[in-house]
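Encoded as structure tokens, the structure appears first; notes follow it.
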Amino acid sequence: MVGTDRGDLTRTAILALLGTVGPLSRTEIARELDVSPATVTQLTRELIGSGMLEELDLKPSRGGRPAQRLGLVGDAGRALGVKVTADHLVLVDVRLDGEVLGSWERPFDPASTDALGDLGDAVASVLGGLEEGPRLLGIGIGVPGSVDDQGVGTVNAPTLGWQAMPVGERLRRRLHLPVLVENDVNALAAAERLYGRGRTHPDFLVLTVGRGVGAAIVADGRVYRGARGGAGEFGHLPVDPDGPVCGCGARGCLEALVGTAGLLARSGAHPGAGFGSVAELGAAAERGDAVAREVFAEAGGILGRATAGLINVIDPEVVVVLGEGTAEWPFWQPGFDRAVRAHLYPGRRDISIEVEGWDDTSWAQGAAALVLATPFDAAGTAGEQGRLVRARLIGATP
Ligand SMILES: [Zn+2]
């Protein structure tokens, strides 16, 4: 049984430090964590013994003895990430160092009478066929909605028709594994914190475009969740009082204007235009179709104005743009850039806005990062489930 004694806290802090800043020498670890070199020597010996740390190259030094650096072992653990959508699930098996070991897609109906039973079946079937490898630390679930608390996992998601769905509780009972549940955009932010921009920028904004529009706010290295876990619903920023009705019931939300349905409606308003999918609209823009290009440019302008407002409020160092909609980003960009620059508060105009690579498994990778980030979370955001993940990593049987 792994308790909460000082040694465990310091072990977690060592993992967190190496996970976020990269390899360090024992002396550097002792200095950063303000603990004695003897304690660091003892705890790192245990962590090396349990296969979580390894000795790397010698760090060159001027005079004195070169110091041995220690780093995390990538295959010390793995997590299964699951992205829940309105018609399918994407599951992905990811190592502690972010390497993807496998991915699966399964049909899913969130309106089914036993949707959570179906979700448990899908996860169990993938778990049953996992290849041998690192220890499974837990399951991360990303949902398009708000989640009360990662370690509890009760979900409200209008796009899935879910109200107070006990996702975490049901899956934990079914799978006997730690389960963390989080809003899908917040999960992407956790992945950015662990493997992307967030390693070097503690204050950043994640923006997603695609079927919907979303945001995650990372302040001081932590995802800001709000009072009910619902922070970051950027898609429901009111933009146009005469705009189309949104899925949330209000009129003229940002998402209703520039999400997939909004883009297609916008193209349909042009006589003789009308496209069946955003991919078709993108292909037309690629061919130089004037209507398609105008639709993206207008959408880029609307999103850019709204984003400038958000940047002015939050003051992030960097904005990372993600989501399936980034495939057509070159057509959004001219309108977006112009609108953002025109509305940014003076002094923020040099902010870096970066569009990152995207594929079908990216959402699910974010969900896996919820679990993989837990050992590096010395503050214990994920509560009891996070403690169980850390116990599995250290090899104890809770
Ligand atoms: Zn709305």
Quiz prompt | Residue order, fewest to most beta carbons within 10 Å, for 195, 345 | solution = 345, 195
Practice problem: For residue 242 and residue 88, calculate 0.36 nm times their separation in residues minus their Cα-Cα distance, and state this gained length in nm to one decimal. | Solution: 52.1 nm
Quiz item: What is the sum of charges around residue 250, taking Lys and Arg as +1, Asp and Glu as -1, for the other residues whose C-beta is under 15 Å from the C-beta of residue 250?
Solution: -3
Quiz item: Within segment 145-184, whose backbone N sits under 20 Å from a point 7 Å along Cα→Cβ of residue 114?
Solution: 162-163, 165-177
Quiz item: Mind checking the dipole of the chain: about its Cα centre, +1 per Lys or Arg Cβ, -1 per Asp or Glu Cβ, Debye to the nearest 20?
Solution: 1080 debye
Quiz item: Within a Cβ distance under 15 Å of residue 240, other residues only, what is the Lys/Arg minus Asp/Glu net charge?
Solution: 0
Quiz item: Using r as the Cβ-Cβ distance of residue 159 and residue 384, and R0 as 22 Å, what FRET efficiency do you calculate, to the nearest 0.05?
Solution: 0.15
Exercise. Please tell me the relative contact order of the chain in percent, rounded to the nearest whole number, where contacts are Cα pairs under 8 Å and at least six residues apart.
Key: 18 percent
Exercise. May I ask you to derive the FRET efficiency for residue 298 and residue 124 from their Cβ-Cβ distance with R0 = 35 Å, giving the value to the nearest 0.05?
Key: 0.15
Quiz item: Distance from the Cα centre of segment 90-139 to that of segment 256-291, in angstrom?
Solution: 34 Å
Practice problem: Can you tell me the order of 283-289, 165-171 when each peptide is scored by its average per-residue count of other Cβ atoms within 10 angstrom, highest first? | Solution: 165-171, 283-289
Quiz prompt | Farthest toward positive dipole pole in the chain [+1 Lys/Arg, -1 Asp/Glu at C-beta], among 201, 239, 297 | solution = 201
Practice problem: Could you please rank 351, 48, placing first whichever residue has the fewest other Cβ atoms within 10 Å of its Cβ? | Solution: 48, 351
Practice problem: Give me the percent of Cα-Cα pairs in segment 199-355 that sit more than 25 Å apart, rounded to a whole number. | Solution: 29 percent
Quiz item: Where the centroid of each part is defined by its Cα atoms, how far is segment 25-44 from segment 204-241 in Å?
Solution: 38 Å
Quiz item: What percent does the relative contact order of segment 240-364 come to when contacts are Cα pairs within less than 8 Å and at least six residues apart?
Solution: 21 percent
Quiz prompt | Sorted largest first, extent of segment 121-209 alpha carbons per principal axis (Å) | solution = 37, 37, 22
Quiz item: Can you give the extra length, in nm with one decimal, that the chain gains between residue 131 and residue 290 once fully stretched, where that is 0.36 nm per residue apart less the Cα-Cα distance?
Solution: 52.3 nm
Quiz item: What list of ³J(HN,Hα) values in whole Hz, one per residue of segment 310-322 in order, does the Karplus curve 6.51 cos²θ - 1.76 cosθ + 1.60 (θ = phi - 60°) give from phi, with Gly and Pro shown as x?
Solution: 5, 4, 4, 6, 8, 6, x, 7, 9, 10, 10, 9, 9
Practice problem: Place +1 on the Cβ of every Lys and Arg and -1 on the Cβ of every Asp and Glu in the chain, take the dipole about the Cα centre, and give the residue among 25, 316, 334 whose Cα lies farthest towards its positive end. | Solution: 25
Quiz item: For the chain, what are the per-bin percents of Cα-Cα distances with bins 20 Å wide, up to the bin holding the maximum?
Solution: 27, 52, 19, 1
Quiz item: How much length, in nm to one decimal, is gained on full extension between residue 200 and residue 228, taken as 0.36 nm per residue of separation minus their Cα-Cα distance?
Solution: 7.3 nm
Self-check item: Cut-off 14 Å, label 7 Å out along Cα→Cβ of residue 338, residues of segment 274-318 by amide N
Solution: 293-305
Quiz prompt | Sequence of 137, 58, 370, 89 once ranked by neighbouring C-beta atoms within 10 Å, starting from the fewest | solution = 58, 89, 137, 370
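Bear in mind these aren't lab numbers, they're just calculated from the coordinates by the rules spelled out. The structure presented is a predicted model; accordingly, all values stated were derived computationally and were not measured. For neighbour counting, all protein chains shown are included, and Cβ atoms are generated from backbone atoms with ideal geometry for every residue, glycine included.
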